Every structure is written in structure tokens, then in C-alpha cells.
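Participant: Questions regarding the structure given below will be posed in turn.
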Amino acid sequence: MTSRSAASLRARYVERAVSDLAENRRRQRELAEKIKMLEQEEALLMDILALAERYEEAHPSPVPVESQHRPATARAKATAMGKSRQPLLGDVLVELLGTHDEPRSAKDLRDELTERHPDRTATPQVVRNTLESLVAKGRIRRHKRERSVSYTLAERATN
């Protein structure tokens, strides 16, 4: 390879690197704008959920247990049909946790729920999802020991 061809090759590499760098930075700006929009959308959705939750607490509507995890439109239809109102599953689980000083597993809580509230038909997955939702809201705490997960009320939790 001659020095002239090496210089030409080097120049093409440099030109390509400059071009790729410019494209990379353009894509970074584009992604940063998309992330900013998604964060704004997330904040809006969180506000909507918080507002809906506050409205539900202030204006309880007759919603059957199994529909608590359905979309709002399905809940509205159930409400329009005039079904009787039961306490929210999360509130019942918090109440059950309040009766125990030691951490409780999701299975134990579901068994106790079925025993104390035979009219409620929450599946194990619905109970676990509700417990994790309560953890996310800071109402209860999750405790992991190897493969075992248990829950306590947040104010009683000792980590």
C-alpha cells in the first residue's frame, strides 16, 4: 500500500467517523426528546390514576370484587348494573395484615381472605398483584427470605 492510498483510506475513515458521530448525536437528541415526552406522559398518567383513586375514595361506587381489577369502563358498566359494593381488596388485605404481628405470605392471606370473606373470589394471582400494588404505594412492606416472600403493614415493618 502506498502512502497516498493509506492517506486516502485514513481520510475516508475520518470522514466516516465524523459522519457517524454526527448521526449518533442527532439520534441521542431525538431519543432524549422522546424520553422527555414519555416522562411527561408518565407523570400525566400517574396524576390521572391518583385522581381516580382519590375520587373512588371520596365517592365509593358499587363495584364487585372481581371487577376491581378491570378497566374503568368495565367498572362503570358494573356500577350501572347496580351490583352491591364491597370493600376494596387492598383494604381487606391491609385489615387482615393488621391482625397479625408477624409477616404473612400471599397464600396465607388468600386462605384467610377466603375463610373470613367466603363471598370474595380472589385468585392467588389477584391477591399477589394487589399485595405488590400496596407495596408500591408504601402501605405494606415486602420481606424476602430465599424464595419465600411475606408481607407486613408498613408501620409495623422492621427490616
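The values are calculated or read from the model by the stated rules, or taken from the named source; none is laboratory data. Bear in mind that the values here come from a model prediction, so they are computed numbers and not experimental data. Cβ placement follows ideal geometry from the backbone for every residue including glycine, while neighbour counts extend to all protein chains displayed. With ligands, DNA and RNA removed, areas are computed over all heavy atoms of the protein, side chains included. Shrake-Rupley method; radii C 1.70, N 1.55, O 1.52, S 1.80 Å.
Participant: In what sequence, largest accessible area first, do THR114, THR121 appear using a 1.4 Å probe?
Facilitator: The ordering from most to least exposed comes out as THR121, THR114.
Participant: Do any trypsin sites (Lys or Arg not before Pro) in the stretch 85-133 lie in a DSSP loop with no more than 15 other beta carbon atoms within 10 Å, and if so, which?
Facilitator: ARG85
Participant: So what does the Cα-only Debye profile of the stretch 1-65 read at q = 0.18, 0.21, 0.29 Å⁻¹, as log10 I(q)/I(0), no solvent term?
Facilitator: With no solvent term, the Cα-only Debye profile gives -0.81, -0.89, -1.08.
Participant: Roughly how many nanometres apart are two label points built 7 Å out from the Cα toward the Cβ at ALA11 and ASP119?
Facilitator: Rounded to a tenth, the inter-label distance reads 8.6 nm.
Participant: Something else now. State, to one decimal in nm, how far the label point of ASP47 lies from the label point of SER19, with both points 7 Å from Cα in the Cβ direction.
Facilitator: The answer from the label model is 4.5 nm.
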